[in-house]
Amino acid sequence: MVDTAFHRALTETPAPERRPLGQMLIEEGLIEPEELHRALAFQKDYGGRLGSILLRFGALSEEKLLEVLSRQLELSVIAAAELPVEPTVFVAAIERSGYSVEWWVDQEALPWFADDGALHCVARDPLMTSLQEFVSEAFAPTMVTWHLGASNDLDRALDSLRQLGHGGGAHLFDEVGHLRELAEEAPVVELVQSLLSQAFNERASDLHIEPEERNFHVRFRVDGVLQNRLSLLRERFDAIASRIKLISGMDIAERRLPQDGRLTVRIGGEEVDVRVSSLPGTWGESLVLRLLPKRRSGFRLGSIGMASGDLTKFRAVIREPHGITLVTGPTGSGKSTTLYATLEEINDGSSKIVTVEEPVEYNIAGITQVHAQAEIGYTFARALRAILRQDPDKIMIGEIRDTETAAIAVQAALTGHMVFSTLHTNDAVSSFIRLMDMGIEPFLVASSVRAVMAQRLVRRLCPICSTPDRMPSDFTAEICALGDAAGETPNWRKPIGCAACFGSGFKGRLGVYELIVVTPDLHDAILHRAPAGEIAAAARVHGCRTLREDGLLRAWRGETSVDEVLRVTGLSS
């Protein structure tokens, strides 16, 4: 039998001309009937607005909810740019209302008069009967135009009033019990969920929450670059930090030591893993949340942006029966994505594939993935020894960090296993030097390593707003000399910025690569401890491009800008 409340939410109309919110959301494919059923059950037991409950459950984003509410209630959604910048504008209207600033802050509503004298009001819940009655009476006979607004925009405006000294002073949240109560308050829960949703919708990889003396700032790392998103009063930080620490399994009472946590949230109906790190600072704990969507479009070597020639070579190497293939670059250069794409490529069911990672970021069907935990002594080296007793064909090591791990990897390669791993080096050539500096003999390096690929990520130009740019004469001859651009018309472009790319001029990222396959002459150069310059020269004979050269080819084709390539790869070739 269908639940009565659920049936009413789909069939009954609370007002003659107003369709039920739940029905609208389902019809537009924004939520599933099961999610509405769960939200209504929660509402029945604990109360609250249906939209807020769905946001709390992560069933949809606030942006999509506001769009539907706007049509349902026939109220406009006011943008942040349309709200008054100066809090004195709100104060002027509040003083005319006869109610105190504290009352308005408690109601989570803000009135203001526009330049033409029209009265506007934005509120967390503009349909609250008591609020509408009080406001209409206070400003009678002036008509009030009500608006919906995003939680972040409303919070920022409310905080601007508190900064004037209204609405209460600073609070000290020293008691753990009080911190827990604050962390469970609906506005705090909604704000944290809203920040996660906004970061996810903007394709951010990380969310940074950084406290200062009087304020705290929220920044998103989008396409590898940090962008400011929100600033709120410092007094709100403790509740938000406690909420994040509570749901990620961290100790909310410990604020003197670094902590790590993890949680899974639903954002827009999708499961997202979030890794949380806290670092005590002068004004409080700096929090960084890394977003890792569980559902990926798929790791495919053909879609990571490698040039066709390099892709052919790389695919041939990874199908060798034994040896070491290394992917190098700094943190955040896409090494893990390349390795996961490599594993997907060779995962045909005919080989035993085992990985050791710290931590396991994404699960791949048909592969045994091991989580190394150095804090309990389960290091990469120890895990590798156990893995070798599992009769593997292919092994992926998250990172070669020390001599012991490097030695076991080399031994595995020489005894018939294919090993994939990463190193932190600036370019591909440096990887051979790095292994020898770690104590691996040159003849072992030359005999075991099959290929090394360095990589970086550059931002892709926004396809909507990028415009043609002048030809950079400093690099044209260099690119033409590579031969890859022969017969192609140069398409130099530059970023402008628009709403689609949040004003950055870029949307998404693509990889630039430097692939060295060990040939007989390279084998000899490594064997005789040749300097990096000689190894690089030998690699170039076989068509190896540097990271900068590969990036400049992408700029030639209009995929990114020259400045972006130089930002990531540097000026030296």
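Can you work out which of the residues in the range 420-453 that are over 30 Å from Leu510 (Cβ atoms) and touching a Leu at 6+ places or on another chain (Cβ under 7 Å) is surrounded by the most Cβ atoms within 10 Å (Cβ to Cβ)?
Only one residue fits best here, namely Val445.
Evaluate the range 338-347: report whether one residue or more is of a type outside the set (S, T, N, Q), open to solvent by less than 40 Å² (accessible area, probe 1.4 Å) and farther than 30 Å from Val272 by Cα.
Checked against the condition, which is being of a type outside the set (S, T, N, Q), open to solvent by less than 40 Å² (accessible area, probe 1.4 Å) and farther than 30 Å from Val272 by Cα, the range 338-347 yields no hits at all.
As an exercise: evaluate Glu357 against (1) touching a Gly at 6+ places or on another chain (Cβ under 9 Å); (2) open to solvent by 30 Å² or more (accessible area, probe 1.4 Å) and give the number of the one condition it does not meet.
Single failed check for Glu357: (2).
Out of curiosity, is Leu110 hydrophobic (A, V, I, L, M, F, W, C) and closer than 19 Å to Val144 by Cα?
It is true that Leu110 is hydrophobic (A, V, I, L, M, F, W, C) and closer than 19 Å to Val144 by Cα.
Hey, can you tell me all the residues within the range 26-47 that are closer than 23 Å to Val192 by Cα and surrounded by 14 or more Cβ atoms within 10 Å (Cβ to Cβ)?
Selection gives Leu30, Ile31, Glu35, Leu36, Arg38, Ala39, Leu40, Ala41, Phe42, Gln43.
Here are some conditions: (1) among the aliphatic types (A, V, I, L, M); (2) surrounded by fewer than 17 Cβ atoms within 10 Å (Cβ to Cβ); (3) more than 26 Å from Ser61 (Cβ to Cβ). Ile252 meets all but one. Which one does it not meet?
(2)
With the structure loaded, tell me whether Leu301 is under 29 Å from Ile346 (Cβ atoms), in contact (Cβ under 8 Å) with a residue 24 or more places away in the chain, open to solvent by less than 50 Å² (accessible area, probe 1.4 Å) and in contact with a helix residue (DSSP H, G or I) (Cβ under 9 Å, 6 or more places away or on another chain) or whether it fails that test.
When the stated conditions are applied, Leu301 passes them.
If you take the residues in the range 522-573 that are polar (S, T, N, Q) and not in a helix (DSSP H, G or I), which one is nearest to the chain's Cα centre (by Cα)?
Filtering the range 522-573 for residues that are polar (S, T, N, Q) and not in a helix (DSSP H, G or I), the one nearest to the chain's Cα centre (by Cα) comes out as Thr560.
Would you tally the residues in the range 251-293 being aliphatic (A, V, I, L, M), under 22 Å from Gln198 (Cβ atoms) and touching an Asp or Glu at 6+ places or on another chain (Cβ under 9 Å)?
Counting residues in the range 251-293 that are aliphatic (A, V, I, L, M), under 22 Å from Gln198 (Cβ atoms) and touching an Asp or Glu at 6+ places or on another chain (Cβ under 9 Å) gives 8.
So which of Ile324, Ile318 is in contact (Cβ under 8 Å) with a residue 24 or more places away in the chain, in contact with an Asp or Glu (Cβ under 8 Å, 6 or more places away or on another chain) and among the hydrophobic types (A, V, I, L, M, F, W, C)?
Just a single option satisfies the conditions, and that option is Ile318.
As an exercise: evaluate Asp153 against (1) part of a helix (DSSP H, G or I); (2) open to solvent by 20 Å² or more (accessible area, probe 1.4 Å); (3) at pLDDT below 85 and give the number of the one condition it does not meet.
So the condition that Asp153 fails would be (3).
Within the range 365-421, how many residues turn out to be aromatic (Phe, Trp, Tyr) and touching a strand residue (DSSP E or B) at 6+ places or on another chain (Cβ under 7 Å)?
Of the residues in the range 365-421, 2 are aromatic (Phe, Trp, Tyr) and touching a strand residue (DSSP E or B) at 6+ places or on another chain (Cβ under 7 Å).
For the range 304-320, name all the residues that are of a type in the set (Gly, Ala, Ser) and open to solvent by less than 30 Å² (accessible area, probe 1.4 Å).
Gly305, Ala307
Restrict the check to the range 114-128 and report whether at least one residue is touching a residue at least 12 places away in the same chain (Cβ under 8 Å) and farther than 30 Å from Asn201 by Cβ.
yes
For every residue, the table says whether it meets (1) open to solvent by less than 20 Å² (accessible area, probe 1.4 Å); (2) among the basic types (Lys, Arg).
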site: Arg389; (1), (2): no, yes
site: Glu399; (1), (2): no, no
site: Ala406; (1), (2): yes, no
site: Ala412; (1), (2): yes, no
site: Met418; (1), (2): yes, no
site: Gln455; (1), (2): yes, no
site: Leu461; (1), (2): yes, no
site: Ile464; (1), (2): no, no
site: Asp469; (1), (2): no, no
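What's the total number of residues in the range 480-506 that are aliphatic (A, V, I, L, M) and at pLDDT below 70?
Residues flagged as aliphatic (A, V, I, L, M) and at pLDDT below 70 within the range 480-506 amount to 4.
Report, by residue number, each residue of the range 344-368 that is under 23 Å from the mean Cα position of the chain (by Cα) and more than 17 Å from Leu292 (Cα to Cα).
Glu344, the sole residue that qualifies.
For the range 25-45, name all the residues that are in a helix (DSSP H, G or I), within 15 Å of Arg56 (Cα to Cα) and among the aliphatic types (A, V, I, L, M).
Result: Leu36, Ala39, Leu40, Ala41.
The values are calculated or read from the model by the stated rules, or taken from the named source; none is laboratory data. Note that the coordinates shown come from a computational prediction; the quantities given were computed from them, not determined experimentally. Reconstructed Cβ throughout: ideal geometry from the backbone, glycine too, with neighbour counts over all protein chains shown. Heavy atoms of the whole protein, side chains included, go into the accessibility calculation; ligands, DNA and RNA do not. Shrake-Rupley method; radii C 1.70, N 1.55, O 1.52, S 1.80 Å.
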